[in-house]
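Novice: One structure, as structure tokens, below. Some questions next.
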Amino acid sequence: MKRAIFPLPVFILPSGYTRLRIFEPRYLDMVKESLKNDHGFVLCQYDVDSYLNVPRYGCLVDIIDFSQDQQGQLLIDVVAKSVVELTDITQDKQQLRFGQLSAPKTSLWFEQPHNLERDDSYLVTALEQLFAANLELTDLYRQTHFDDLNWVLARWLELLPISIDKKQQLAFKSDFAKIHSFLHTVINNEFS
């Protein structure tokens, strides 16, 4: 399946939500096409070292809401449905990128079931507190899954103030044990 690609300095994993400001004509056309055909587009990291700045992985997202900001620019809320591997990257005359999408060849840590353990409770509690204190998050997230360890870890990766490159490395080049340990260390140091 071929889809439009939107490279941005944004990090998102499946079941994550984000709000995008759309103002460039090529991306306005992308949104129109996505809504007209009821299919999503790919949101990925802007990668200066990759062909047409498109990395190997991105997230297929669906538009779930739209509005305008005070300047009249389009705001869209999207939810990440799945991670996709991107190949055959092309660019049209508007410089809108497109790519062929496929499921990743290897299973990623957030696709495998993991149970919440007793020592994970502070990861959950701290994330619940962060959501409760941040009205933007509670407004944006239509569904929360604080009882799902993968969901909790993915949201922490999205929200932590670390570089997008580090987030990409943790998400796509690390296993569950490494990410779990990393987040336990960081969150325990910050919230305990």
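Novice: Would you mind computing, in nm to one decimal, how far apart the modelled labels at K32 and T87 are, each placed 7 Å from Cα along Cα→Cβ?
Specialist: Inter-label distance under the simple model: 3.3 nm.
Novice: Mind ranking 144-156, 30-42 by how tightly packed they are, going by the mean number of other C-beta atoms within 10 angstrom, highest first?
Specialist: Numbers: 144-156: 19.0, 30-42: 15.7.
Packing proxy ranking, top to bottom: 144-156, 30-42.
Novice: Using a 10 angstrom cutoff on alpha carbons, build the Gaussian network for the chain and name the most mobile of I76, I162, I63.
Specialist: The residue with the greatest mean-square fluctuation here is I162.
Novice: Average the reciprocal distances over every distinct pair of alpha-carbons in segment 1-42, invert the result, and give the Kirkwood radius in Å.
Specialist: With all distinct Cα pairs of segment 1-42 included, I get 11.4 Å.
Novice: I'd like to check one number: the per residue accessible area of the chain, probe 1.4 Å, reported in Å² as a whole number.
Specialist: So the chain comes to 55 Å² accessible per residue, rounded to a whole number.
Novice: Would you mind telling me the share, in percent, of accessible area of segment 1-51 contributed by carbon and sulfur at probe 1.4 angstrom?
Specialist: About 50 percent, which is the carbon plus sulfur part of the accessible surface.
Novice: Past the 31 Å Cα-Cα mark, which pairs from K2/K178; K81/K166; K81/K173; K36/K93?
Specialist: Exceeds cut-off: K2/K178.
Novice: Sticking with this structure for a sec: Tally Lys/Arg at +1 and Asp/Glu at -1 over every other residue whose Cβ is under 11 Å from the Cβ of Q94; what's the total?
Specialist: Surrounding charge for Q94 is 0.
Novice: Separate question: Which of the three applies to segment 45-192, rounded, prolate or oblate, going by the alpha-carbon gyration tensor with a ≥ b ≥ c and a/c under 1.5 meaning rounded?
Specialist: Oblate shape, in that a/c is at least 1.5 and b/c is the bigger or equal ratio.
Novice: Just by accessible area at a 1.4 angstrom probe, what is the order of E117, E136, E158 from largest to smallest?
Specialist: Final ranking, largest accessible area leading: E136, E117, E158.
Novice: Another one. Using a 1.4 Å probe on the protein chains only, how many percent of the accessible area of segment 113-178 belongs to carbon and sulfur? Before the final figure, lay out the partial values.
Specialist: Values: 1890 of 3820 Å².
Roughly 49 percent of what the probe reaches on segment 113-178 is carbon or sulfur.
The values are calculated or read from the model by the stated rules, or taken from the named source; none is laboratory data. In this text the structure is predicted, and so the values were computed from the model without any measurement. Counting neighbours? That spans all protein chains shown, and the Cβs are built from the backbone with ideal geometry, glycine included. Note: accessible area is taken over every heavy atom of the protein model, side chains too, but ligands, DNA and RNA are not part of it. Shrake-Rupley method; radii C 1.70, N 1.55, O 1.52, S 1.80 Å.
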